[in-house]
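Undergrad: Input: one structure, supplied below.
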Amino acid sequence: MQASDLGRARRCGQWPAVLALLALASSASAQLLFGDADWQEGTAPPPPTFNQSALVPFDGPVNSPLTFGVDPATLQIGKDGVVRYVVVATSPSGTVNAMYEGIRCASAQVKTYARHNPSSGWNAVQTPEWRSLYGSAPSNHSLRLATQGVCTGAAPASSVTNIVRALRSHGQNIVN
């Protein structure tokens, strides 16, 4: 963008939009230059056991009939920056689905490592892949969890205690 373009943008009232684009471009450049191109995920521990009666509820996707909760005993912040946890989704009829997942705040991604079947226990996902938190519907509960306490911007919360505290305080503010 040339100086004459910036002057024209200022005169036309487009200055805030230009600044936003420049900030986004510099952020993307910084990510490429100083980002985590060398990042490697650590080995995910096996799925932990979870306690359905200890779940900390969080606000799930809008218009979902399911209720969501995380067992705080399963939360862990890995040295690789991935927050791993067991999330439990319960239907109005009482059907329970549990998933062992990880959120990578730095890239706004989620990965499902395993799914729990009440009759057979944990079943590992054959080829777990990172997918965007902003992608398809299966990630919506993860996005909500990330924004309600797991992530602080592009970093994981500083401790499991802080994640649980944020989830509990957010849950007190939910209006039904």
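The values are calculated or read from the model by the stated rules, or taken from the named source; none is laboratory data. The structure displayed is predicted, hence computed values, not measured ones. Quick reminder, even Gly has a Cβ in these numbers, built from the backbone with ideal geometry, and neighbours come from all protein chains shown. The accessibility values were calculated without ligands, DNA or RNA, using every heavy atom of the protein model including side chains. Shrake-Rupley method; radii C 1.70, N 1.55, O 1.52, S 1.80 Å.
Undergrad: Residues being farther than 20 Å from L66 by Cα, assigned to a strand (DSSP E or B) and either open to solvent by 30 Å² or more (accessible area, probe 1.4 Å) or touching a Cys at 6+ places or on another chain (Cβ under 6 Å) (or both): count how many of those fall in region 89-116.
TA: Selection size over region 89-116: 1.
Undergrad: Something else now. If F58 passes every condition in (1) free of Cβ contacts under 8 Å to residues at least 60 places away in the same chain; (2) crowded, with 21+ Cβ neighbours inside 10 Å but one, which one does it miss?
TA: (1)
Undergrad: If you don't mind, another one. Considering only region 118-129, how many residues are open to solvent by 60 Å² or more (accessible area, probe 1.4 Å) and assigned to a strand (DSSP E or B)?
TA: Residues of region 118-129 open to solvent by 60 Å² or more (accessible area, probe 1.4 Å): 118-120, 122-124, 126-127, 129.
Those left that are additionally assigned to a strand (DSSP E or B): 122-124.
Result for region 118-129: 3.
Undergrad: Please state which of the following conditions Y85 fails to meet, knowing it meets all the rest: (1) more than 24 Å from K111 (Cβ to Cβ); (2) at pLDDT 95 or above.
TA: (1)
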